[in-house]
Amino acid sequence: MSTLIFVPFLLLGLRVTETATETWRQCTGSLPLDLLSFVLERDPSKLVPGVHMKQASGVRGIHFSSPDTALSFPSSQILVNCDLFPKEFSIVLTLKVTDSAPKGNEYVFSLMGPKGRPVDQNDGGGSLKSNKEPSITGEEQHSQKTRVKSNGEHGRLILGLKFSGKRLHFLYKGHGGVVEHWVFRGTQLADSQWHTLVLAVGSHHVKLTVDCSPPVEIIPSRPFPSDLNIQGSRFHIGSRGLWKGLFSGLLRQLVLVPGLDATHQICPSSDPQLAALSVPPLFLDLPATGADDRHVNTYETEARVSVGLEKSCSEQLQGQLWFNPLKKGLYLCDGTVWITVLEDRKRLDYVLEHQVLTTSSETHDIELFQVPGMGLMAAMAHRSTSGSAVYLWTKTGFQLYQNISTNGALAWRHFSMGNKIYLVVSNSGGDRRFNKESEADFSVIYKWSKRRKRFVQFQTLQTHCARDWEAFNIDEHTYLAVANHRQGDKNHTIDSVIYRWNRLSKSFEVHQMLQTSGAYDWEFFTVGPYYFLVVANAFDGVTTSLDSVIYVWVNGNFQVFQKIKTFCATDWEMFQIDSRVFLVVANGHRLHGNGPSQYTINSTIYELDMSAQLFVRFQDIVTYSAVDWEFFSLGQEHFLVVANSFNGESYSLNSILYRWQGYEGFVPVHWLPTIGCSDWEFFSAEGESYLIYSSAKAPLSKVFMLKTY
C-alpha cells in the first residue's frame, strides 16, 4: 500500500448540536483539524504560493513570503454544518520566532468575518490603544486582558493568534462587539528556538502550555462566548489576509482540536519542543542535522547533477540531483533517500503466465513478505488439515521452503516487532488437541528463528473459524485483529477480538471486543493522523445483506465511524490515487433465508468525501462471487485486480484486471483465466513485476509476469 499523502480536512467525529435558539448550530467534536496541512496539501506536488520551505536546527517549517489567497479557506470547509465556533477547544502549534522579531503585530493565524459585514469590533491593530481591565486575579499574573472596539478592516476579526512585542496574544470577538485580548507575558518564545504550544480554552479557564512545561492559567471574568458566529468567515494562515501582520517566523504545526484540552495528547514527550499532534508529511522526511544552527537554511539548494547507474544518498549529498541513464530517471537526495523528480513511466503491455505452482491442497490465501538475509517469501494457507507451506522466491520462481502444521488454514498475516518477524495463521479446522469439548479453534503465531532459519511456534490464541488476521501499530503499540466468522455451525453474530502486545508478559492479550456477523476480513488503514479498521461482515445466519462497519480509533479504542450496506462482504481494500482515498469491497453473493443465491452482483468502490465526512459510492463493478481485490501501481498507472470465484455454475472464470482512467474510474484491460480464485497478490523482484493467485478449488497457484514498455 502506498504511503498516504495527508488528508488534513478529514472531519472525523465532528458533530453538530443545536443551541438554545434552535437556529444556530454549535460546532463540536474531539478530533484534530490540521489547519496547516489543509493549505499545504491541496496540491502535494508543489508548495502553495506565498510560502517557502526552510530548515532550522535540522527541523523543517514554512516561512511566509506573502498573504496569498492559497493560504486562506472558508471555515465551512472544516467546521461543517455549524454556525458557531466551538465554545471549548485547543490550538496546538509548533513555531520558531527569532530573538530579533519585530515589535508589530504578526498573526500566526486568524479567522476573519466576511467583507462588508456590519461589525464594530477589531483586533487591536498596530497603533490602536488598549484599555486594561480593572482587575486581574492572582492566577492571571502571567497574562493581561484588554478590550478594544473600532470599525473597518480590523473589525472583521473573529478570532486569532498573534505575536506583538515578542509576546503571544490570543484574540477573539467578545460580547458587545469587543475584541478580547489575552496577553501571555510570562513566556519567552522569541528566542530563535523551536517551541510547541498548546492553548486550551475552556468554559472557565484558558491555559497555555509551552514545551510540556507546567501551564500558565488564566481565569477569565467571562467565559469564552458560546455564540461566536462564523458564518461566511475564512481562516488565514500566517496572516490576517493582509501584508501588514504577516508572520515572520517559521511554522511547523497548527492544529485546531474542538472540544478538548489537547495537552495530554502530546505531553509528556521525549522531545517537548517538537511534540507533534499532526505535522504535515512534507516536514517529516528530513533527517536531523547539527543542533548548532543559528541561521535558517532554505530548502531550495544549489542544483548539482551527477550521472551513473548506482549512487548512495547521504546527508553530505542533500540537495544533489542524480540522473540514472538506465531508468531514464532524475532523482533528488533528501539526505537519506533519493526522491523521484522525473522518471520514464512504465506502462502495462501484456500479462504472461510465468509459473504454475503445484501445492499440497487447495489454497485460501497467500501472504507475501521479506525476511532479511533470505529474500521474498510466500506463506500459503492450505485447506488440508495436514498443514500449510512457506515458499521462497528464487530465479526460477517460488520453491517450497518450509511446511507448517495448520488445521484448515484460511489466512496468513505477517508482522514485525523491532527486528523480529512473525506469522499468524487463521485455523478453522476445529482442532480438539487443546479442549475436546470446545467448539473453538486455536490460531497460532509463529516467530522467525534466525538461528534455525525457520518459523517456530510462539503463541496460541483461541479463535472461532477465524477468516482473517490484521496486524497494525498505533502509538508504538502492536495490535492483532482476528475476524471470527462463526461459533459452531449456526452462531455467526459473535465477537471478533483486538489483541495488544504486552511488553511485560511478552504475549498478545485481549484489548477490545467488537461484535461482527460472519466476519470475513479486516482492513486497517490510516488517513493522516487517524487510524481506521473496517470489517467485512458476510452472513448473520439469515441474510448476506448486512452493514459492514468502518471503525475509527478514539481515545485508545475503536468506535463506529460509518456503516455501509454490503452483500456477503469478503474483502476490503484501501488505496489512494494522488490525494484521493478509496475503499473497495468484494461482495460475494446475495442471499436471504431460503431464497436463491445471486452470485453475479456489483462490488463497489467508495471514495472518502471530505465535505460529507463519509465514504460515498464512486463506482460499481460487476463481479462473480468476488473474494478479493488487489490494488497496485506500475509507474504512473494504477490497477485493481479482482478474484472472481464462482458464477453459480462454474469455478473456471476470468478474473479481471482494471486500469484507472481518471474520470472514467476503473476500466477492464486484461482477462486472466482462474479456477476458484481466492486471492491475488502483487510483488516485484529483480526489476520485474508479478501477480500471483491462489485457487480454493484446485491444488495450484499461478504466477503472472506483468510486461511493461
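Only the coordinates and a few stated rules stand behind these numbers; no lab work does. This one's a predicted model, so the numbers in the text were calculated from it and none came from an experiment. Note: ideal-geometry Cβ built from the backbone for every residue, glycine included; neighbour counts use all protein chains shown.
Output the relative contact order of the stretch 348-708, whole-number percent, from Cα pairs under 8 angstrom with separation of 6+ residues. Provide the component values of the computation, followed by the final result.
On the way: 1041 pairs, mean separation 47.0, N = 361.
Once normalised by length, the contact order is 13 percent.
How much length is gained on full extension from Leu392 to Asp475, taking 0.36 nm per residue of separation minus their Cα-Cα distance?
Working: separation 83, 0.36 × 83 = 29.88 nm, distance 3.27 nm.
This chain segment gains 26.6 nm when fully extended.
List the pair-distance distribution P(r) of the stretch 348-708, using every Cα-Cα distance, as the percent of pairs falling in each 20 Å bin from 0 up to the bin containing the longest distance, rounded to whole percents.
With a bin width of 20 Å, the distribution comes to 30, 63, 8.
What nm distance separates the two modelled labels at Leu700 and Thr98, each placed 7 Å from Cα along Cα→Cβ?
Inter-label distance under the simple model: 7.1 nm.
Quick one: which of Lys395/Lys420; Lys447/Lys506; Lys395/Lys453; Lys87/Lys563; Lys563/Lys697 span more than 23 angstrom between C-alpha atoms?
Pairs exceeding the cut-off: Lys395/Lys420; Lys87/Lys563; Lys563/Lys697.
So, in nm, how far is label Leu352 from label Val560 when the simple model puts each one 7 Å beyond its Cα toward the Cβ?
So the label points at Leu352 and Val560 sit 5.2 nm apart.
Over the stretch 648-690, how many percent of alpha carbon pairs lie in each 5 Å bin up to the one with the longest distance?
5, 17, 17, 21, 20, 14, 5, 1
So for Glu681, Glu315, fewest C-beta neighbours within 10 Å to most, what's the order?
By the 10 Å Cβ count, ascending: Glu315, Glu681.
In nm, give the distance between the simple-model label positions of Trp671 and Glu649, each being 7 Å from the Cα along the Cα-to-Cβ direction.
For Trp671 paired with Glu649, the spin-label model returns 1.4 nm.
Using Cβ contacts closer than 10 Å as the measure, can you line up Asp475, Asp34, Asp334 from fewest to most? The partial results should precede the final answer.
Numbers: Asp475 7, Asp34 27, Asp334 17.
Final ranking by Cβ density, sparse to dense: Asp475, Asp334, Asp34.
For the stretch 625-631, take each phi angle, set θ = phi - 60°, evaluate the Karplus expression 6.51 cos²θ - 1.76 cosθ + 1.60, and give the result in whole Hz per residue in order, putting x for glycine and proline.
Result, rounded to whole Hz: 6, 5, 10, 6, 10, 9, 9.
Between Gln462 and Glu686, what length comes free when the chain is fully extended (0.36 nm per residue of separation minus the Cα-Cα distance, one decimal in nm)? Display every interim value, and only then the final one.
Numbers: separation 224, 0.36 × 224 = 80.64 nm, distance 3.99 nm.
This chain segment gains 76.6 nm when fully extended.
Give me a comma-separated list of calculated 3J(HN,Hα) values for the stretch 601-613, in order, Karplus coefficients 6.51, -1.76, 1.60 applied at θ = phi - 60°, integers in Hz, x for any Gly or Pro.
Whole-Hz 3J(HN,Hα) from phi for the stretch 601-613: 9, 7, 9, 10, 9, 10, 10, 6, 8, 5, 6, 7, 6.
Whole percent per 5 Å bin, from 0 to the bin with the longest distance: what is P(r) over all C-alpha pairs of the stretch 420-574?
Bin by bin from 0 Å, the calculated values are 2, 9, 18, 21, 19, 16, 9, 5, 1, 0, 0.
Rank the residues Phe618, Phe415 as a footprinting-exposure proxy: fewest other Cβ atoms within 10 Å of their Cβ go first.
Phe618, Phe415
By how many nm would the segment from Ser203 to Ser611 lengthen if fully extended, with 0.36 nm per residue of separation less the alpha-carbon distance? Working shown, then result.
Working: separation 408, 0.36 × 408 = 146.88 nm, distance 2.86 nm.
Once the chain is fully extended between Ser203 and Ser611, it gains 144.0 nm.
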